[in-house]
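One structure is given here, and the rest of the page talks about it.
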Amino acid sequence: MESFEPYEEFKPIPLPVLIIAVALALWGVFTLLDNGKAVTVGRAERSDQIADQHANRQNGAELFVSRCATCHQPNGSGVEGAIPPLASSPFLKASPEVAMHILLNGIDGPIRVGDATFEGHMPSFASVLSDADIVRLVTHVRGTFADRHDLLTEGDVATARLLAGRRGAWQGGQEIAARLDASLGPQPPMSSATQAAIDPIAQKLVSQGNGQTWACASCHGMRGQGSASVPRLAGLPAAYIAKQLGDYVTGKRRNETMQLVARTLKPQDMRRIGDYYSVMRAPSNARASLGGDLVRGERLVLDGDWARGLPSCVSCHGPSTFGVAPSFPALSAQHPEYTAAQLTAWVSGTRDNSTGRLMNGIAARLNDADRRAVADYLATLPPVPAPATRGRTNGK
Amino acid sequence: MESEERERVEGGEERARPLMGRGVRTAIIAIGGGAALFVIASLAFDAGIFSDRGEVPMSPDVAQAQMFQPPAETSIPDGPAGDAVRRGQAIFVNTASNAGDFVGNGVACASCHLDSGRRANSAPMWAAWVAYPKYRSKNKQINTMEDRIKGCFTYSMNAQASKSGGPPPAGHAVYKDLETYMHWLATGAPTGANMPGAGYPTLEKTSLGYEPARGQKVFVAKCAACHGADGAGQLDINGRIVFPPLWGPNSFNWGAGMARVNTAAGFIKANMPLGQGSSLTDQQAWDVAAYIDSQERPKDPRQTGSIEENAKANHGGDSYYGKRIDGRLVGVGTP
Amino acid sequence: MNRMVPLAILALAILAFATLMLVIAPAIQIRSEAPTPGLKPYTAQQLRGRTQYVAQGCIYCHSQQPRSIDQAPDAERGWGRASVASDYAYDRPHLLGTMRTGPDLFNVGARLPSRGWHLTHLYQPRAIFGWSIMPAYPYLFERKEHAEPGDVVIILPADRAPKKGVIVAKREALDLVAYLQSLDHTFPAPTRAVRDDGYAEKGEPR
């Protein structure tokens, strides 16, 4: 053996390597624990998403405050000349089914409460309240304002809900009295204003397009409900829709697809499409999906945040965010992806067509979390109770 | 470049050009150190150590934030006192529904006192509460808070056209609830002190003066979209007032403070268009206030004789009451 | 090299450990996942479209894995909620994708439901988005003098339309669009769904 294999002396692992190894191990353990927390949060978020859709966990009083009080007022007094009071309302003293049917279908016509007649446009809550919610709400409202305590079951609501989908809003108090409970007393008849006849030209434009562009309904849906970043159009003011289409042509509002569509439309087409969608009542298919803080969203929408110079949404878009024609669109039941995208567009300048550039300043003062909060909260609201007759269009 | 240097260094040129080698080494260390510092700094920035990322600049309302802050709505106490605060707030925001017998038009307290009476420079209630009782030249006597609120109902809410035909009688629950609400808003405010943000700001007169004709242009451009071209405000689909009427039968009457051009100009400058306060120039604010306050509105309830007599007795300074615009006598009231 | 055996054992052990953690454990975790409630199996046409999606190389530029709002503003972009493992129950193999040269497509059926729009866009993306860098797929379409019954004529702006005749979609294009329209995962994810929730706690304040 000529070659000599050198003898390898035993050397301990150098201290720095040991330190690095221990540090790496600690880091690994820490990451695992940290991730455990993230998993818990993630699960809570998902369970919230499910809860929002299936079983709202609010009790009757909370539901009343969040769902009814913006119109009927926290003390149930209603609004003089506009919103009927709940206290001493014959509709609440009647059987619980009456209140349930009104909640499910909404009202679009005159009703009489006490000595006053109201031109009612109440939204349908069928798409935003679960059966259990409606039971809790009806029980609370009737107990509080009419001292009636007979109960409704979830089964009743489920049965009524099936029928509710097939019919539109109640055409005023007379129809409710005739169909549900004759004891409601004399109710005013539907005004003679004719039910808006569906414009066949607009209907063809919406459902089939004009041969040069895609049909409106191919994205916005047959009922104008939209989905995700495609906005809901049902119930928006006619003049607002027509203006947006015009603004796509001029470039004040930028969206490549809609610009292409709008260029093929004549101004009278735009007005027809606006009229067509403005009288449409469609259930909400919007869901809070951006993980926004709904409590913060509610505060911003109803009260604003004056410390940051933010007026409330309702101060211009109306106390129920049902819009004020022609300049202020309805916001309720809008898809949160769309709302958040528009709030971003006001800042980035891809949209620059708001009245007095009011929205530019407001959007710039909302941060990311606020944007998501507002968009998500608005998505939880019931759809606009669009007046179905042309005789009584939005506002004045 | 770097490897070339190293080759030369290893090639033994170090001895020939020692300064060069040291320079390269310094450069490498500097670049490496710089890169390391950059990485650490950007990691720190990412972790939010340097600044509050995502926070929107608060510039528009720094002034507001530095003024007196009334208590948050969530801190209304429980019990009878808290209930009165809540009732007062409901009256304040929704006057026509909650004090409907005494309101003769489409105006609520919160129409002029923005953010439920909290907003500085829009006559906030926390500043008003600590300023009363006080002497007012308007009626030449000491006014308690109840007297002052009565004035609001009489003029701004045009109580003469209401169901009851006048303001709430002395000691009425409406006063008690409203005063309880104001008292609560002023929690912690110094009594009698001159609080910043009280009332409406006083606007300096401009050299041009004010003129309704110029104001009409401003109104059409900046105000009409919300308040309507006819100044009658706008309603939502249920007939609820969203934008209050500025003139006409449903607006405040000739006795209201807002019917004076200087008061209206101060309010407009600080608060209008809503969310864009201080965006109008002083000249625009004066002109548009002049346009609004030269339009006809419900008659002054103090008028007993002729308009001229009432103008002399109760209207001086910046008011169109009793004057003639294009031959039309201003102040006759609306039908 | 006089410690061959321990060295080999160590190397194999490390390999085995890595396989266990990165292959075996995830497989065990995922195999018990039932499809997300609301998820529908593909139809035959959608499956053909899925093959087209693979064949045309869509996956090289488009991902199918929206991230949670805590990780990226994907939901605000309209790309939908964060996907979970059970959303891919009918995808064999999954088409997660790694690149986002184009937008995520996991919910493209919800945010762009129009068949006509997709056909135009596949034929010539720049007919809609002048700035688009997506390749055109004209060979999925054909020009005809006249549309025959059953043909789907695509809508083109005047400057992109052929001078004569019409452009109709071939079956491949219709299949691909049917697949794209089926990509709609707007139903909620199960609470205990498997997904990487890292950074979820960073969402505060929410």
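The values are calculated or read from the model by the stated rules, or taken from the named source; none is laboratory data. No experiment lies behind these values; they were computed from the predicted model shown. Cβ sites come from the backbone with ideal geometry, for glycine too, and all protein chains shown count toward neighbours.
Taken together, A:ALA178, A:ALA164 contain a single residue that is surrounded by fewer than 17 Cβ atoms within 10 Å (Cβ to Cβ), under 28 Å from A:VAL279 (Cα atoms) and out of contact with any strand residue (DSSP E or B) (no Cβ under 6 Å at 6 or more places or on another chain), which is A:ALA178.
Condition check ((1) assigned to a helix (DSSP H, G or I); (2) more than 13 Å from every other protein chain (Cβ to nearest Cβ)) across all residues:
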residue	(1), (2)
A:LEU32	yes, no
A:GLY42	yes, no
A:SER88	no, yes
A:LEU92	yes, yes
A:ASP108	no, no
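Residues of region A:346-370 being over 25 Å from A:ASP293 (Cβ atoms), facing chain B (nearest Cβ under 7 Å) and surrounded by fewer than 17 Cβ atoms within 10 Å (Cβ to Cβ), which ones? Matches in region A:346-370: A:THR355 only. Among the residues making up region A:332-345, those that are within 14 Å of chain C (Cβ to nearest Cβ) and either within 24 Å of A:PRO385 (Cβ to Cβ) or of a type in the set (Asp, Glu) (or both) are A:GLN334, A:HIS335, A:PRO336, A:GLU337, A:TYR338, A:THR339, A:GLN342. No other residue among B:ILE49, B:ILE76 is modelled with pLDDT of 75 or more and β-branched (Val, Ile, Thr) apart from B:ILE76. Filtering A:SER218, A:SER207, A:SER183 for residues that are of a type outside the set (Lys, Arg) and buried (at least 18 other Cβ atoms within 10 Å of the Cβ) leaves a single hit, A:SER218.
Scan region C:1-53 for residues that are in a helix (DSSP H, G or I) and within 18 Å of the chain's Cα centre (by Cα) and the total you get is 10.
Restricted to region A:224-247, and to residues there that are outside any loop (DSSP other than H, G, I, E, B) and within 13 Å of another protein chain (Cβ to nearest Cβ), the residue that is surrounded by the fewest Cβ atoms within 10 Å (Cβ to Cβ) is A:ALA239. Scanning region A:332-344 for residues that are out of contact with any strand residue (DSSP E or B) (no Cβ under 8 Å at 6 or more places or on another chain) and in a helix (DSSP H, G or I) gives A:PRO336, A:GLU337, A:THR339, A:ALA340, A:ALA341, A:LEU343, A:THR344.
Every residue, every condition in (1) away from every other protein chain (no Cβ under 14 Å); (2) modelled with pLDDT under 75, yes or no:
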| residue | (1), (2) |
| --- | --- |
| B:GLU2 | yes, yes |
| B:PRO18 | yes, yes |
| B:ILE28 | yes, no |
| B:GLY32 | yes, no |
| B:ASN105 | no, no |
| B:HIS113 | no, no |
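Does B:LYS222 qualify as being of a type outside the set (A, V, I, L, M), within 8 Å of chain A (Cβ to nearest Cβ) and either within 12 Å of B:VAL107 (Cα to Cα) or in contact with a helix residue (DSSP H, G or I) (Cβ under 9 Å, 6 or more places away or on another chain) (or both)? Yes: the conditions hold for B:LYS222.
If you go through region A:265-303 and keep only what is within 24 Å of A:LEU104 (Cα to Cα) and small (Gly, Ala, Ser), you end up with A:SER278, A:ALA282, A:SER284, A:ALA286, A:ALA288, A:SER289.
A quick yes/no check of all residues on (1) at pLDDT below 90; (2) closer than 24 Å to A:ALA242 by Cβ; (3) within 12 Å of chain B (Cβ to nearest Cβ); (4) assigned to a loop (DSSP other than H, G, I, E, B):
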residue	(1), (2), (3), (4)
A:LEU265	no, yes, no, yes
A:ASP275	yes, yes, no, no
A:ARG287	yes, no, no, yes
A:GLY292	yes, no, no, yes
A:ALA307	yes, no, yes, no
A:PRO326	yes, yes, yes, yes
A:ALA330	no, yes, yes, yes
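Here B:PRO77 clears all of (1) crowded, with 22+ Cβ neighbours inside 10 Å; (2) away from every other protein chain (no Cβ under 12 Å); (3) part of a loop (DSSP other than H, G, I, E, B) except the condition numbered (1).
Can you go through C:ALA72, C:ALA110 and tell me which one is without any contact (Cβ under 8 Å) to a residue 24 or more places away in the chain and either part of a loop (DSSP other than H, G, I, E, B) or assigned by TED's automatic domain parsing to the domain that holds C:TYR179 (or both)?
C:ALA72
Can C:HIS146 be described as more than 24 Å from A:GLN49 (Cα to Cα), touching a residue at least 12 places away in the same chain (Cβ under 8 Å), more than 8 Å from chain A (Cβ to nearest Cβ) and surrounded by fewer than 21 Cβ atoms within 10 Å (Cβ to Cβ)? So C:HIS146 passes the test. Residue count for region A:97-115 satisfying the condition of being under 20 Å from A:ALA69 (Cβ atoms) and over 24 Å from the mean Cα position of the chain (by Cα): 3. Only one entry in A:LEU152, A:LEU137, A:LEU129 is surrounded by 18 or more Cβ atoms within 10 Å (Cβ to Cβ) and over 22 Å from A:ALA333 (Cβ atoms), namely A:LEU152.
Taken over region B:236-276, residues that are part of a loop (DSSP other than H, G, I, E, B), touching a residue at least 40 places away in the same chain (Cβ under 8 Å) and more than 20 Å from B:LYS150 (Cβ to Cβ) amount to 10.
Being crowded, with 23+ Cβ neighbours inside 10 Å and facing another protein chain (nearest Cβ under 7 Å), is that true of even one residue in region C:94-106? No, region C:94-106 has no match at all.
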